[in-house]
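Beneath this line is the structure, given in structure tokens, with notes to follow.
The values are calculated or read from the model by the stated rules, or taken from the named source; none is laboratory data. This structure is a prediction, so every number in the text was calculated from the model and none was measured. Please note: Cβ atoms are built from the backbone with ideal geometry, for glycine as well, and neighbour counts cover all protein chains shown.
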Amino acid sequence: MTRPAPRGQCRQCWEHAHNSRRIHKHLAPRENCPECVNHMTNGHPHHMTAK
Ligand SMILES: [Zn+2]
Ligand SMILES: [Zn+2]
């Protein structure tokens, strides 16, 4: 089941957190993949924000 990212949420981070958990499966709990870390460090790109 996929849920669309709510308005204002980063689509990539939402996807990873809710719809594509296997992307994070190999990571420790609460650990993030490089893409998500990049977003946390540099901010979420505007074109990836749901509107
Ligand atoms: Zn993001
Ligand atoms: Zn991720």
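Quick one: would you say Ala28 is outside any helix (DSSP H, G or I), hydrophobic (A, V, I, L, M, F, W, C) and exposed (fewer than 12 other Cβ atoms within 10 Å of the Cβ)? For Ala28, the condition - outside any helix (DSSP H, G or I), hydrophobic (A, V, I, L, M, F, W, C) and exposed (fewer than 12 other Cβ atoms within 10 Å of the Cβ) - is met.
Quick check, is His39 modelled with pLDDT of 90 or more and away from ligand 2 (no atom under 13 Å from the Cβ)? The answer is no for His39. Quick one: would you say Asn19 is modelled with pLDDT under 95 and within 8 Å of ligand 2 (Cβ to nearest atom)? No, not satisfied. With respect to the conditions (1) out of contact with any Lys or Arg (no Cβ under 6 Å at 6 or more places or on another chain); (2) near ligand 1 (Cβ under 10 Å from one of its atoms); (3) not acidic (Asp, Glu), Ala5 falls short on a single one, namely (1). The C-beta contact set for region 7-20 (first residue assigned to a loop (DSSP other than H, G, I, E, B), second residue modelled with pLDDT of 95 or more, distance under 8 angstrom, 6+ apart or interchain) comprises Arg7/Ala50; Gly8/Thr49; Gly8/Ala50; Gln9/Thr49; Gln9/Ala50.
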